[in-house]
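Heads up: the structure comes next, in structure tokens.
What follows draws every value from the coordinates through simple rules; no lab data is involved. What you see is a predicted model; the values in this text were computed from it and never measured. All Cβ positions, even for glycine, are placed from backbone atoms using ideal geometry, and neighbour counts span all protein chains on display.
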Amino acid sequence: MKHKRFTGVKGYTMEDTRYVYQVKEKTPKDAPNVVYIVMDDMGFAHLGCYGSNIHTPNLDHLAEEGLRYNNFHTTAICSATRASLLTGMNHHTAGICGVVEWMTGCDNGVGHVKADCATLAEILKEYDYGTYAVGKWHLADVSETTEAGPFDHWPLGKGFDRYYGFLHAQMSQFHPRLVRDNGHVEVPKTVEEGYHFSEDITDQAIRYIFHQKVVYPEKPFFLYMAFGAMHTPHHAPKEYIDRYKGKFDAGWDVMRVQWFERQKELGIIPQDTELPERNELVPAWEELTDKQKKIAARYMEAYAGMLEHTDAQIGRLLDYLRETGELDRTVVVFLSDNGTCSGGAKYGRLNCFKKPEESSPEQAEQEADYVLAHLDEIGSATSFCHYPQGWAQAGNTPFRWYKTWTYSGGIKDPLIIRYPKLIADPGAVRNQYHHVSDITPTVLDILGVEKPSYIKGVFQKAFQGTSLKYTLEDGTAADRKHVQYYEICGNRSIYQDGWTAIVNHFKNASGGRYEDDKWELYHTAEDYTELHNVAEQYPEKVKELERTWMIQAAEAGVFPMLNGALYGSRTQSIRMYDSLEIRERFDRYEHIVEPFDIIRSLYSNMNKRSHVVRATIRRDSTQQQGVIFAAGNYHGGYVLYIVNNRLTFCYNYGSRFYHRIESDPLPAGTLQVEYRFKVKQDGSALVSLYVEREKRKELIVPRLNSAADFVSTVGANKDSAVAPMDYAVPFAFEGVLDAADIIVEGYCTTLEKELEAFFDAD
């Protein structure tokens, strides 16, 4: 766009003024639009054009008109990849050591993208681009995602003009917690009316582009489109899931081989690639019972239906760009943020809020009976499902391992780029080694501009990524990316000129000493699937690469590392974060005028800690009812509410078991009501219900939900109902909430000495 600056002479009046303007082009000539499309937890093999039998015609067509990469790498986990993608930096340098919730207080774990590592949106704003983001964000810590902000690390604080999506890690595709710009909004229609998150964000993306092109047709745009798919829960319209009935009955062992052979036919992997054996976490398909096979196949049908449904939404966006003449002048980049997730355990999970129960054949059989009775719910709004580890490995064909592991299965992911202006051989496969941090430098290279030295008054770090523009123009060009480190939760690896050294800290010794870890070595230039560990043959190469990793890690700010496996690290980092919080941990909310969220790391973790929720309420009538405090949703959580004039507590265990107690009828007027939640050493909890400091009822909750990312709300139940037998959302409290107190074990202050005995009791 042209920008005018007055350079004339001002007079006493307009008539006396001499009008002269300097006209300057701020946007590079013929600057293309840029679209990033990011999938979540999608494996290397899942697209049809990467070998699977899943119907992805729109992405396959994108590949036909663009390029596919078979040697592209991410960080092995979602927030880190997104930070690296948007900034052109290594994720530790950008301030994200894994996911944003892993806040250590150190420079590599600040819980957001640092100001000296500007996003592509912030950079392109300097060149007068319109910038839009839709979908999953997951780059602002949970403590900053209430209506009160702070908003610095929300999309609008990071350079985007508009935003529509959700801020958190995982979310129901039917009942998402939606944000528009800097505020929460309600879902526009119900599941019964046909709502799905992927369709919604596609509508919004098209709307944003439409409005810009109507008003500023000459202005380029940057769209960041980050689907919640294919992260758990695997939600899709039933008609998409049903299209795959019977398609996976042969099981993951057979499908891995079929997809592997198809990959060779497509030329997406080298012809001499060897397929590794099934990894030791996955049972042979034939070892499953007939019930377990039927269930496992349905889990994969739901995943495939979700992927095809997402492909259809991507097709809608691409069709709109094509119809408006914008597609051929748009750099389209499609990728997955990491490899497949193994969170479905051995047999899959109908509800990820509930712990998998497979410690004995009897338990596994009971679980199979239950899921079989609810088979049609898989993929629906009443499920929060995840497929088994066997399907996760199949999705990563031809590799062995998964997300968070720094083997190829975690870090080698699909990449498709379409930009006709530079690609002379559309449909080809590129095999140059590259990393997600290389994408944003590539965009600026295509534009022919530099990253500004200062953005928003902050001096910027130089890109750590290497432009891969040369690969668009020449498929035979030699690699320009020679070294890249990886680290997630102590799992680490290093690539250098065709060799890869790997340590799986989780597998070696969860929470153990780093010096006890043993490095593996693979000549990945010849061993595409990291099948042959040659560490004993080349001990000097191992030492060389280990030294290289230390140098690269130190330069990128990897240290200190989180020690241990994924979930152990999360607990450790949350406690580090808690100790750094300045706010007093006894929280009193007074003069409450409307329901509000208190989404903070502490409250996300209340499920595993003893705590007390106490409220002072006023009711003019015994007919007034509603939720006082809720944490969770239909799939699991706990809630304190009044229904039928009785104070009630309900603990929802995985939408399977509802542990519920209620008081005697309550009088109208002012009352103090509370529940006390005492976590016991055996993993159960004792819950006591109080009215006016007098205990009325108590119960034992035998098992606690495994999920810890509940949304906590005072005065209503958002999303979907924790206790669906008693109310429909939001069931806002109809009386007056004068105050709500939340006291959590380990954070009692001198104001609450009376509770110390409660927390210390057996």
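State the label only: which of (i) 187; (ii) 605; (iii) 243 corresponds to volume of the Cα convex hull per residue in Å³ computed from the shown model? Comparing each candidate, only (i) matches the computed number.
What helices does the chain have that are whole DSSP H segments, at least 24 Å long along their own axis by Cα, and with mean Kyte-Doolittle hydropathy of -1.0 or more? Span-like helices in the chain: 197-215, 290-323, 539-556. For the range 436-506, the convex hull spanned by the alpha carbon atoms encloses 114 Å³ per residue. Excluding residues fewer than 8 places away in the same chain, name every one of the lysines whose C-alpha is closer than 23 Å to that of K543. By straight Cα distance, K543 reaches K481, K507, K518.
Net charge dipole, the chain: roughly 1240 debye, given to the nearest 20, about the Cα centre with Cβ charges of +1 for Lys and Arg and -1 for Asp and Glu. Sum up the charges of everything whose Cβ sits under 12 Å from the Cβ of Q496, counting Lys and Arg as +1 and Asp and Glu as -1, but leave Q496 out. After counting each charged neighbour, the total is -1.
Grouping the Cα pair distances of the range 137-190 into 10 Å bins from zero gives a pair-distance distribution of 25, 58, 17, 0 percent in increasing distance order.
Report the Stokes-Einstein translational diffusion coefficient (µm² s⁻¹, integer) for the range 291-424, Rh taken as the Kirkwood radius over Cα pairs, at 4 °C with viscosity 1.567 mPa s. Approximately 76 µm²/s, per Stokes-Einstein. Residue pairs exceeding 18 angstrom between C-alpha atoms, taken from K158/K456; K114/K456; K158/K451; K245/K355; K2/K29; K2/K213: K245/K355.
A protection proxy built from the mean count of other Cβ atoms within 10 Å ranks the segments 644-650, 290-296, most packed first, as 644-650, 290-296. The protection proxy used here, the mean number of other Cβ atoms lying within 10 Å of each residue, ranks peptides 360-373, 320-333 as follows, highest first: 320-333, 360-373.
Please name which of N633, N645, F733 has its Cα lying farthest along the dipole of the range 582-760 towards the positive end, using unit charges on Cβ (Lys, Arg +1; Asp, Glu -1) and the Cα centre as origin. Working it through, the farthest residue towards the positive pole turns out to be N633. Compared with the direct C-alpha span, the chain from K543 to K456 gains 27.0 nm at full extension, assuming 0.36 nm per residue.
Only aspartates and glutamates eight or more places from K238 in sequence, or on another chain, were considered; those with a Cα closer than 15 Å are E192, E193, E199, E301, E308, D376, E377. Projecting the Cα atoms of G267, A302, V254 onto the dipole axis of the range 161-318, where Lys and Arg carry +1 and Asp and Glu carry -1 at the beta carbon, places A302 farthest toward the positive end. Across the range 582-760, the fraction of Cα-Cα pairs farther apart than 29 Å, rounded to a whole number, is 11%. Going from the fewest other Cβ atoms within 10 Å to the most, the residues Y433, Y690, Y50, Y658 appear in the order Y658, Y690, Y433, Y50.
Across the range 380-419, Cα-Cα pairs farther apart than 15 Å form 52% of the total. Candidates A148, Q173, V34 compared by Cα position along the dipole of the chain: farthest toward the positive end lies A148, with charges placed on Cβ.
Each part reduced to its alpha carbon centroid, the range 365-417 and the range 130-167 end up 28 Å apart.
Using the Cβ-Cβ distance between R513 and D319 with R0 set to 51 Å, the FRET efficiency from 1/(1 + (r/R0)^6) comes to roughly 0.40.
The order of F210, F334, F463, going from fewest to most other C-beta atoms within 10 Å of their C-beta, is F210, F463, F334.
At an R0 of 60 angstrom, the distance between the Cβ atoms of K421 and R656 translates into a FRET efficiency of 0.65. Over the chain, Cα pairs under 8 Å with separation of 6+ residues give a relative contact order of 15 percent.
Placing +1 on the Cβ of every Lys and Arg and -1 on the Cβ of every Asp and Glu, with no other charges, gives the range 582-760 a dipole of roughly 460 debye about its Cα centre.
Its Cα gyration tensor gives the range 597-697 an equivalent ellipsoid; the semi-axes, largest first and in whole Å, are 23, 14, 14.
Pairs of Lys residues in the range 582-760, spaced 8 or more positions apart or belonging to different chains, with C-alpha separations under 22 angstrom: 12 in total. Calculated FRET efficiency, A148 to D497, Cβ-Cβ distance, R0 = 45 Å: about 0.35 to the nearest 0.05.
Taking the number of Cβ atoms within 10 Å of each Cβ as an exposure proxy, the fewest-first ranking of T145, T119, T190 is T190, T145, T119.
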